Amino acid sequence: MNYRQPRNLSATLAHARLAIAVAMAIVAAALVVDAAQGEDADISLRRSLERTTFDDDEIIDGFFKIAFGAELQVGRTAERIRKFDQSVRVFVVQEGKRDRRADIAAVLADIGSRIQHLDLAVTNDRRGANFVVTLVPSRDLKRTIQSAYGRDRARQIQQSLNPQCLSAIGKDERFRIRRAEIIVPFDVGDFAFYDCAYEELLQGLGVINDDRSVPWTMFNDDVQMGFFDVYDQYLLNILYDPRIRPGMTKEQVNRLLPGILPTVRTWVARSNALRATESRGSSSASFDASRAAVH
């Protein structure tokens with residue numbers, strides 16, 4: 001993701017075109033190799049082991065556990081749906097020397113392409129943003145949390161969560177998320193960076209509880225992914241189905257799920273099949289171009 005004097009003029013031009021074609025084919029092939037080798041090995045391993053089929057009860061159980069409640073509840077407890085009901089515009093603050101804003105943009109693009117009814121995009125207008133990502137050196141994480149939330153709240157966060165990264169949402173009286181913010185260290189290894197980025201960005205969209213009893217979700221302190229897994233795509237697509245409204249109770253949601261689940265299943269299957277086809281097609285085209293140039 002880290003966003004690489006002629007005797008015969010006609011003969012010379014032909015040689016030049018051939019040299020350019022070969023060079024372009026070699027570059028294309030190199031890009032495919034880099035893409036295949038560039039993903040962190042731990043992420044690739046988890047992709048290969050990912051479970052991708054779930055029955056309705058498994059999806060519903062996880063949704064109720066993750067979309068209701070909160071890992072750290074501040075203020076009164078209310079078992080209600082929390083979600084954005086408007087476009088989500090993300091502003092990225094980069095602190096420190098290594099610029100990983102392009103990596104966050106790529107993660108956001110991936111998330112946005114996998115959630116059907118969510119308008120999610122990066123913005124350069126901080127005042128117009130309703131979601132802020134702050135990228136900090138890992139040594140500054142505690143200081144940044146304290147600066148953002150104050151000494152007492154920061155102490156509570158550290159004692160309860162001991163976070164490696166952090167997300168928070170601000171909602172109105174109708175449980176509509178009006179602002180979200182996350183803090184992610186940028187100078188950790190790729191696996192830790194992407195694991196934090198995906199989990200915190202998705203939690204900022206409204207799935208803010210963690211539950212160790214759900215073994216297939218990244219919203220489990222014992223599970224690390226580093227990518228947007230299929231199970232969590234089900235949860236986020238249920239949450240952002242237009243029929244699910246902020247402030248709904250479990251009972252209200254439960255009545256709607258029989259109609260929502262088939263739609264969500266179709267979308268998740270189609271979006272993942274499309275991405276797999278595009279990936280295979282891109283790799284095959286580059287390989288064929290390289291082979292033709294060599295011959």
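Residues Trp267, Trp216, ranked from the fewest to the most other C-beta atoms within 10 Å, line up as Trp267, Trp216. Between Ser87 and Thr263, the contour length at 0.36 nm per residue exceeds the alpha carbon distance by 61.2 nm. Compared with the alpha-carbon gap, the fully stretched path from Ala41 to Arg243 is longer by 68.8 nm at 0.36 nm per residue.
As a calculated quantity, the FRET efficiency between Ala273 and Ala109 at R0 = 22 Å, using C-beta atoms, amounts to about 0.75.
Counting Cα-Cα pairs of region 50-271 in 10 Å increments starting at 0 gives whole-percent bin shares of 8, 35, 39, 16, 2, 0.
In a fully extended conformation the segment linking Asp172 and Glu251 would gain 26.3 nm over its present Cα-Cα distance, using 0.36 nm per residue. Backbone phi angles across region 237-243, fed through the Karplus curve with coefficients 6.51, -1.76 and 1.60 (θ = phi - 60°), yield HN-Hα couplings of 6, 5, 4, 9, 5, x, 6 Hz in residue order; Gly and Pro are listed as x. The Stokes-Einstein estimate for region 43-145, based on a Kirkwood radius over Cα pairs and taken at 25 °C with 0.890 mPa s viscosity, is a diffusion coefficient of 144 µm²/s.
For region 163-204, GluC sites (Glu not before Pro) meeting the loop criterion (DSSP other than H, G, I, E, B) and having at most 15 other Cβ atoms within 10 Å: Glu173.
Estimated from the Cβ-Cβ distance and a Förster radius of 22 angstrom, the FRET efficiency linking Asp119 and Arg179 is about 0.85. Got a sec? Which residues in region 90-122 would a label at Ala148 touch, if it sits 7 Å along Cα→Cβ and we count backbone N under 14 Å? Label zone hits: 91-95. The Cα-based radius of gyration and maximum Cα-Cα distance (Dmax) for region 147-237 are 13.6, 39 Å.
Values in this text are rule-based calculations from the coordinates and carry no lab data. Here the structure is a predicted model, which is why all the values come from computation and not from measurement. A quick note on method: Cβ atoms are made from the backbone with ideal geometry, for glycine too, and the neighbour counts reach across all protein chains shown.
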